[in-house]
Amino acid sequence: MKEVSIDELKRRFQEKIDKDIKIEPKDWMPDDYRQTLIRQISQHAHSEIVGMLPEGNWITRAPNLRRKAVLLAKVQDEAGHGLYLYSAAETLGADREETIDDLHTGKAKYSSIFNYPTLTWADMGAIGWLVDGAAIMNQVPLCRCSYGPYARAMVRVCKEESFHQRQGFEIMTTLAKGTPEQKAMAQDALNRFWWPALMMFGPNDADSKHTEQSMRWKIKRHTNDELRQQFVDVTVPQAEMIGLTVPDKDMKFNEATGHYEHGPINWDEFWEVVKGNGPCNKDRIDVRRSAKEKGEWVREAANAYAEKRARRKSA
Ligand code: BYC
């Protein structure tokens with residue numbers, strides 16, 4: 001059989017991308033494309049798993065049974081998202097144990113947003129509304145990502161994120177309509193989570209080293225700034241609707257462009273958090289490491305049971 005040259009494989013690959021044909025695990029793909037996906041998908045998986053911690057912190061303190069059941073379901077959904085995403089990374093040849101070890105040793109990144117503390121119940125509202133709201137903005141286009149397993153995982157993830165966003169907005173609406181103290185608590189949560197939520201979309205386009213190539217490969221469909229702008233345009237009127245104010249004195253609506261214009265983002269703060277120096281980075285990783293250690297006996301027991309069953313079957 002005639003051997004196909006690398007250049008021809010690359011041409012066929014790009015042709016598929018250009019025609020919006022999904023790339024599947026067994027298809028040939030350039031190594032850089034594989035590595036970019038492993039990087040993004042594993043960071044995304046870690047974000048879902050670490051993202052359980054700030055909210056998990058409030059399950060036992062939810063103000064009533066309904067709120068507790070909803071929050072519990074949301075946090076469990078995030079675990080599910082992490083598992084689909086680790087599986088999607090495995091289809092590219094990533095080893096799950098190594099991927100998780102990279103998180104625990106501080107080698108791997110995860111979303112900056114989860115390194116901020118959750119101080120009051122209103123933070124559950126702010127996270128659902130702003131963080132899941134930002135996640136949806138970023139993840140809906142990922143349903144059209146060129147890599148099949150990632151794109152398909154995102155369809156279900158986005159449906160669940162949409163429920164999460166609504167539950168957060170409902171908490172904020174209720175608090176904003178409540179006593180002056182409750183309204184102040186909602187405003188305080190918005191003040192603390194607004195800027196970190198804008199940072200979730202990643203650095204400005206001029207400083208984003210991966211966007212251009214990822215867009216050529218149709219892994220990303222929009223730039224970081226485009227998605228951040230969409231989020232601002234949708235969210236500022238929502239805040240106004242419930243009587244809260246985004247903490248940005250420069251925020252203004254530009255009649256000519258039809259967009260809100262926000263003030264400067266503190267990128268020094270962003271990079272410090274990404275480097276591991278945010279308020280909760282150390283705590284988050286310590287909790288994940290300790291969970292792994294404490295779960296050792298469960299993994300041992302499950303393996304022993306699986307081996308016993310396999311022996312019985314082959315006997
Ligand atoms: N935090 O060239 P860039 C969730 C890094 S989970 C930390 O623009 P790219 C949820 C970036 O990795 C939300 N690091 O990169 C869960 C890169 O570093 P490396 C997570 C960040 O990949 C529970 C460098 O900065 N969502 O929704 O083109 C409860 C340069 O950036 C951040 C996803 O992961 C950040 N915010 O674009 C509730 C979605 N931003 O790797 C909610 C999938 C950038 O070169 N990921 N960096 O060392 C993406 O869409 C893209 O990876 C990003 C960044 C838009 C995040």
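Here are a few things to note about the model shown:
- Expected-Rg normalisation [2.2 N^0.38 Å, Cα atoms] applied to the chain: 1.10
- Arg11 - accessible surface, heavy atoms, 1.4 Å probe, Å² rounded to 10: 120
- Computed on the chain, with alpha-carbon pairs under 8 angstrom and 6+ residues apart, the relative contact order is 18 percent.
- Looking at the chain, the accessible area is 53 square angstrom per residue; that uses a 1.4 Å probe and ignores ligands, DNA and RNA.
- The apolar share of the surface of the chain, taken as the fraction of accessible area on carbon and sulfur atoms (1.4 Å probe, ligands and nucleic acids excluded), comes to 55 percent.
- Per-residue Karplus couplings for the stretch 123-134, computed as 6.51 cos²θ - 1.76 cosθ + 1.60 with θ equal to phi - 60°, are listed in order as 5, 5, x, 5, 5, x, 5, 8, 6, 5, x, 5 Hz, Gly and Pro entered as x.
- Highest average packing first - 192-198, 96-102, Cβ atoms within 10 Å: 192-198, 96-102
- Debye log10 I(q)/I(0) at q = 0.16 Å⁻¹ for the stretch 44-184, Cα point scatterers: -0.85
- The share of Cα pairs per 5 Å bin across the stretch 26-82, counted from zero up to the longest distance, runs 4, 18, 19, 15, 12, 9, 7, 6, 5, 3, 1 percent.
The values are calculated or read from the model by the stated rules, or taken from the named source; none is laboratory data. On a predicted model such as this, the values are computed, not experimentally measured, just so you know. Reconstructed Cβ throughout: ideal geometry from the backbone, glycine too, with neighbour counts over all protein chains shown. Ligands, DNA and RNA are stripped out before the accessible areas are found, and what is left, the full protein with its side chains, is counted by its heavy atoms. Shrake-Rupley method; radii C 1.70, N 1.55, O 1.52, S 1.80 Å.
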